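The values are calculated or read from the model by the stated rules, or taken from the named source; none is laboratory data. Predicted model, so just to flag it, every value in this text is computed and none were measured. Because the Cβ atoms are built from the backbone with ideal geometry, glycine has one as well, and the counts that use them run over all protein chains shown. Calculation scope for accessible area: heavy atoms of the full protein, side chains included, ligands and nucleic acids excluded. Shrake-Rupley method; radii C 1.70, N 1.55, O 1.52, S 1.80 Å.
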Amino acid sequence: MWAHGETRVFEVARVALRVGADGWAFAERHRDAIDAHWARRARETPGFFNGTVFVMTNYSVTADGCLAAQFIRTDFKSFLYWRETGWRDGSVMDGFGSALILSADGQVLLGRQSAGNLNSGLCYPPSGFIDARDVGCDGTIDIERSVAREIAEETGLSPPAIQRSEGYIVTIAGPTMSIAIPFLSPLSGVALMREAARHISSDAESELSDLALAEPGDAAAGLPMLDYARALLMALPRLKTPV
């Protein structure tokens, strides 16, 4: 379903995301190794929590621009083992929602994750795992709700400081798929960052240590970034999304 080193960025008009009933065969096959790996990693990083995680098992894009994807339920320790032992199961992807927040002067707001988290020290658009609260009783994933929660938790930003734009931007970087929702702000990049920084400083348990601004099309030299975040930034100038 994915290839190491592959990067693709494209826009879609709609998404249809669902959770199926199947289990993850990889996790069942490696249960003992997963438990041993988790025992060590939980000691090393006490802030890790073995909650519910959803991984993507397939996706397609329809002719009318809809991303349709299927997910299965697993746990964080299985996901962590898969990630930290070389992504050895190529039949699943790390699929999640993210927020592409563009300032009035065309800059992208990024957060840097705090120590003790999965992506410590790395910069990326506000994002996070799909939560069980985002899944309806019929298995439908509300990615809008997922992204809105991440924005609120990580930046505290809300209307009128940011406004939802149209469509979605899908970024594939190896085993990772970000489904970004674009937001436009009437604030400058500096003012936008100041608002979000105020929220971070008021939250003793913030997942972000600080913030950064990046120019679309710039590889953001000097910023340590997740692969998908860099690929998204580089692709923005050729997309329809206003920047």
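Key figures
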quantity	calculated
Which numbered condition PHE96 misses (of (1) in contact with a helix residue (DSSP H, G or I) (Cβ under 7 Å, 6 or more places away or on another chain); (2) within 18 Å of THR155 (Cβ to Cβ))	(1)
ALA220, sole failed condition from (1) touching a Leu at 6+ places or on another chain (Cβ under 8 Å); (2) on the phi < 0 side of the Ramachandran plot; (3) at pLDDT below 95	(2)
Given (1) open to solvent by 30 Å² or more (accessible area, probe 1.4 Å); (2) touching a Lys or Arg at 6+ places or on another chain (Cβ under 9 Å); (3) not in a loop (DSSP other than H, G, I, E, B), index of the condition PRO237 fails	(2)
Test: residue in segment 57-78 that is under 19 Å from LEU226 (Cα atoms) and in a strand (DSSP E or B)	no
Failed item in (1) in a helix (DSSP H, G or I); (2) within 23 Å of GLU215 (Cβ to Cβ), with ALA104 passing the rest	(1)
Matching residues in segment 167-200 - criterion: being under 28 Å from VAL55 (Cβ atoms) and not in a strand (DSSP E or B)	GLY167, GLY174, PRO175
Any hit, segment 35-52, residues being open to solvent by less than 60 Å² (accessible area, probe 1.4 Å), touching a Ser or Thr at 6+ places or on another chain (Cβ under 7 Å), of a type in the set (S, T, N, Q) and in contact (Cβ under 8 Å) with a residue 12 or more places away in the chain	no
Selection within segment 1-27 - surrounded by 11 or more Cβ atoms within 10 Å (Cβ to Cβ) and not in a strand (DSSP E or B)	MET1, TRP2, GLU6, ALA13, GLY20, ASP22, GLY23, TRP24, ALA25, PHE26, ALA27
Matching residues, segment 81-101, being open to solvent by 30 Å² or more (accessible area, probe 1.4 Å), out of contact with any strand residue (DSSP E or B) (no Cβ under 7 Å at 6 or more places or on another chain) and not aromatic (Phe, Trp, Tyr)	ARG83, GLU84, THR85, GLY86, ARG88, GLY90
Residue list for segment 1-46, restricted to those being charged (D, E, K, R) and farther than 19 Å from GLY97 by Cβ	GLU6, ASP22, GLU28, ARG29, ARG31, ASP32, ASP35, ARG40, ARG41, ARG43, GLU44
Count of segment 112-154 residues which are in a loop (DSSP other than H, G, I, E, B), charged (D, E, K, R) and surrounded by 20 or more Cβ atoms within 10 Å (Cβ to Cβ)	0
Single match in VAL55, VAL61 (criterion: within 15 Å of MET93 (Cβ to Cβ) and in contact with a Ser or Thr (Cβ under 8 Å, 6 or more places away or on another chain))	VAL55
Near pairs, Cβ below 9 angstrom, 6+ apart or cross-chain, from segment 1-30 (closer than 20 Å to ASP89 by Cα) to any residue that is of a type in the set (Phe, Trp, Tyr) and in a loop (DSSP other than H, G, I, E, B)	TRP2/TRP87; HIS4/TRP87
Verdict on ALA104 being over 15 Å from THR171 (Cα atoms), in contact with a Pro (Cβ under 7 Å, 6 or more places away or on another chain), surrounded by fewer than 20 Cβ atoms within 10 Å (Cβ to Cβ) and of a type outside the set (Phe, Trp, Tyr)	yes
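Each row is one residue, and each column tells you yes or no for (1) at pLDDT below 95; (2) crowded, with 22+ Cβ neighbours inside 10 Å; (3) not basic (Lys, Arg).
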{"residue": "GLN163", "(1), (2), (3)": "no, no, yes"}
{"residue": "TYR168", "(1), (2), (3)": "no, yes, yes"}
{"residue": "GLU195", "(1), (2), (3)": "no, no, yes"}
{"residue": "ARG198", "(1), (2), (3)": "no, no, no"}
{"residue": "ALA204", "(1), (2), (3)": "yes, no, yes"}
